[in-house]
Amino acid sequence: MIDQRRLVKTFKQLVTIDSLSLKEGAIMRFLKKELAGLGWRAAFTGRPAGGEVGSLVFLVPGFKSKGPRLLLNAHVDTVVPGKGIKPIEKGGYITSDGSTILGADNKAGVAVILEILRIIKEKKLSHPPLQVLFTVAEEIGLVGAAALPPSAVKADFGLVLDGGEIDKVVCRAPNQYNFVARVYGRAAHAGIHPEEGINAIKAASAAIAKMKLGRIDQETTANIGMIHGGVATNIIPDEVEIRGEARSHRLAKVKKQIGQMEKTLQNECRRHGAVCKIRFARIYESFNIAETSPLMEKAIAGMKASGIRPKIAGTGGGSDANIFNALGVPSLIIGVGADNVHTTKERLAVRDLVRGAEIVLSIIKEFNRD
Ligand code: CA
């Protein structure tokens with residue numbers, strides 16, 4: 001039923017429009033126009049700070065169906081290097097020319113939603129009411145979804161199209177906390193008055209060396225990802241900035257982990273005579289959708305009807321699904337076939353793109369109610 005040629009064409013068109021996070025103006029103008037051509041008036045909402053545009057949202061009334069309202073979401077932004085993407089189709093795969101990412105994460109999701117909107121209209125398919133939401137700035141920490149006014153997300157269940165294997169349903173994701181720590185020491189000439197200095201880099205390093213990082217347990221991870229400080233080899237550094245994160249599927253565990261990281265920093269700084277100031281931010285909340293929930297039941301049934309045996313999985317990453325779940329809309333993540341994402345070797349199998357669209361359409365049908 002899916003029009004393969006049209007879907008591939010749309011996908012290629014989408015990836016050639018640059019849309020780095022917060023720079024989604026051009027792609028959103030394109031989408032708004034495409035949607036207008038289909039008769040849908042989409043509106044912008046929730047522009048994040050520093051962003052060109054907000055997310056694009058509209059309602060599609062149910063057709064011959066009284067099913068619950070279903071949110072269809074895909075983020076439109078891509079990671080770097082993502083400017084001037086040239087899609088190349090060869091041997092059943094679409095890749096970039098090797099100098100950029102492809103942007104199948106997540107233009108494949110966007111293309112699939114457009115194709116579904118076209119097909120349900122053309123073939124007059126019965127479908128439940130849909131809320132279509134194209135989000136911005138997902139890749140930089142769900143900034144676009146987080147900027148949405150909560151009232152803008154109005155659905156009973158959600159399908160978030162993003163990323164990998166098309167037979168995968170992600171129903172669990174962790175909590176994440178980020179922190180920025182500034183360690184303050186005292187500057188002094190490293191050769192003449194080293195006794196007068198307090199080395200902020202040394203204090204910070206001592207703390208980091210004592211931290212438990214990496215995989216803490218099956219559902220908890222922690223990382224120090226950035227460290228910046230110092231100005232010259234002959235100056236004892238008086239300031240260093242550390243950025244880190246912790247994630248866990250359990251809130252108590254992530255809080256404990258973050259607490260330990262903070263305590264280690266404070267203790268080591270005190271021991272070195274330095275001062276540490278830490279700012280925390282909860283980036284997103286975890287979710288866990290039971291296999292027996294109506295949403296999972298319908299997703300599994302839709303995949304099976306499409307000839308797929310679903311792989312039910314959790315993820316260690318966050319996505320817009322975390323935000324929708326926190327807003328009270330139970331939402332799953334469905335893969336769209338993107339492979340080697342966030343690298344210049346990213347690729348998309350044409351077969352997966354088409355199958356992915358069929359699967360999503362099949363899941364939507366499961367929500368139909370007379
Ligand atoms: Ca993504």
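The values are calculated or read from the model by the stated rules, or taken from the named source; none is laboratory data. Bear in mind the structure is a predicted one, so any value in this text is a computation, not a measurement. Methodologically, a virtual Cβ is constructed for each residue, glycine included, from the backbone with ideal geometry; neighbour enumeration extends over all protein chains shown. Note: accessible area is taken over every heavy atom of the protein model, side chains too, but ligands, DNA and RNA are not part of it. Shrake-Rupley method; radii C 1.70, N 1.55, O 1.52, S 1.80 Å.
General observations
- Under-21-angstrom lysine pairs by C-alpha in the range 176-282, whenever the two are 8 or more apart or on separate chains: 19
- Among HIS189, HIS75, the sequence by solvent-accessible area, most first, with a 1.4 Å probe is HIS189, HIS75.
- FRET efficiency for LEU59 and ARG243, using Cβ-Cβ distance with R0 set to 35 Å, rounded to 0.05: 0.35
- For the peptides 305-315, 131-141, residues were scored by their other Cβ atoms within 10 Å and the scores averaged per peptide; the highest-first order is 131-141, 305-315.
- Ordering of 61-72, 168-179 by packing is 168-179, 61-72, highest average first (other Cβ atoms within 10 Å, averaged per residue).
- 25 Å Cα-Cα reach of LYS86 towards lysines, excluding residues that sit fewer than 8 places from it in its own chain: LYS9, LYS12, LYS23, LYS32, LYS33, LYS107, LYS345
- Helical content alone sets the calculated 222 nm signal of the chain at -10000 deg cm²/dmol, taking -39,500 (n - 2.57) per DSSP H segment of four or more residues and averaging over every residue.
- Lacking any other cysteine beta-carbon closer than 4.7 Å, the following Cys residues of the chain have no compatible partner: CYS171.
- Residues of the range 258-291 with amide N under 16 Å of a point placed 7 Å along Cα→Cβ from ARG182: 274-281
- The relative contact order of the chain comes to 24 percent, based on Cα pairs under 8 Å that sit 6 or more residues apart.
- The long axis of helix 251-272 is offset from the longest Cα principal axis of the chain by roughly 20 degrees.
- A 1.4 Å probe run over the chain, with the rest of the protein chains in place, finds 45 Å² accessible per residue.
- Protein heavy-atom surface of the chain, 1.4 angstrom probe: 51% of the accessible area is carbon and sulfur, with nucleic acids and ligands not counted.
- For the range 1-43, the gyration tensor built on C-alpha atoms gives an oblate shape. Its axis ratio a/c (a ≥ b ≥ c) is at least 1.5, and a/b is not larger than b/c.
- A simple count of charges around CYS276, restricted to other residues whose Cβ falls under 12 Å of its Cβ and scoring Lys, Arg +1 and Asp, Glu -1, yields +2.
- For LEU125, net neighbour charge (Lys/Arg +1, Asp/Glu -1) across residues whose Cβ lies under 10 Å away: +4
- Mean Cβ count within 10 Å, highest first, over the residues of peptides 83-90, 191-198: 83-90, 191-198
- For the residues PHE367, PHE30, a 1.4 Å probe over the protein chains yields an accessible-area ranking, largest first, of PHE30, PHE367.
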